[in-house]
Amino acid sequence: MTGGLRTIGWALAIGLTAAPALAVGPDTSPLDTHPSYVNAVDLIRRGDYAAAIRSLAIVRAEHPDSADVYNWLGFAHRKLKDYPTAKIFYDRALAIDPAHLGANEYLGEWYVETGDLARARERLARLVALCGDCEEKRDLEVAIARAP
């Protein structure tokens, strides 16, 4: 082998491969240019969860298979303490994209808030498998550590 081929052969021999693409987290989305989506995320960041839900309904009608939309719907409902509805949306987000970092983190936080620390830890393990030591994993660790 010569030059680049030798390097590629050596990398393959020791098990180096390209890193897998990471799942879209709660802070980036293919919908980041959609006006109603951008508005909804801004409303969530300001704590206006009811208004965010209305804005996300518009996006959901146009993008019914977006894990990002369902993730944020779950988040907004959880913040409003509507735990049954939040769970439905998190489950839908993860049915669409099981590797969605935000939905895995927020479902874990849902489990913490509803008193199921065993399942919260399962979500934490899932995040470790998906992203190692990413922000979502660290945030869920903190939530679990603060649980009563």
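A few remarks follow.
- A straight line joining the Cα centroids of segment 32-62 and segment 128-148 runs 25 Å.
- Segment Arg119-Asp48, length gained on full extension (0.36 nm per residue, minus Cα span): 22.7 nm
- Across segment 25-148, the mean sequence separation of Cα contacts (distance under 8 Å, 6 or more residues apart), normalised by length, yields a relative contact order of 19 percent.
- Point-to-point label distance, Asp133-Lys79, nm (Cα→Cβ direction, 7 Å offset): 2.9
- Legend: translational diffusion of segment 42-148 by Stokes-Einstein, Rh = Kirkwood radius over C-alpha pairs, 37 °C, 0.692 mPa s; D = 239 µm²/s.
- At most 10 other Cβ within 10 Å, DSSP loop - trypsin sites (Lys or Arg not before Pro), segment 36-142: Lys81
- Probe 1.4 Å - accessible area at Ile88, Å² to nearest ten: 110
The values are calculated or read from the model by the stated rules, or taken from the named source; none is laboratory data. Given the structure is predicted, the values throughout are model-derived calculations rather than measurements. Heads up, the Cβs are rebuilt from the backbone with ideal geometry, glycines too, and the neighbour counts pull from every protein chain shown. All accessible areas refer to the heavy atoms of the entire protein, side chains included, with ligands and DNA or RNA removed. Shrake-Rupley method; radii C 1.70, N 1.55, O 1.52, S 1.80 Å.
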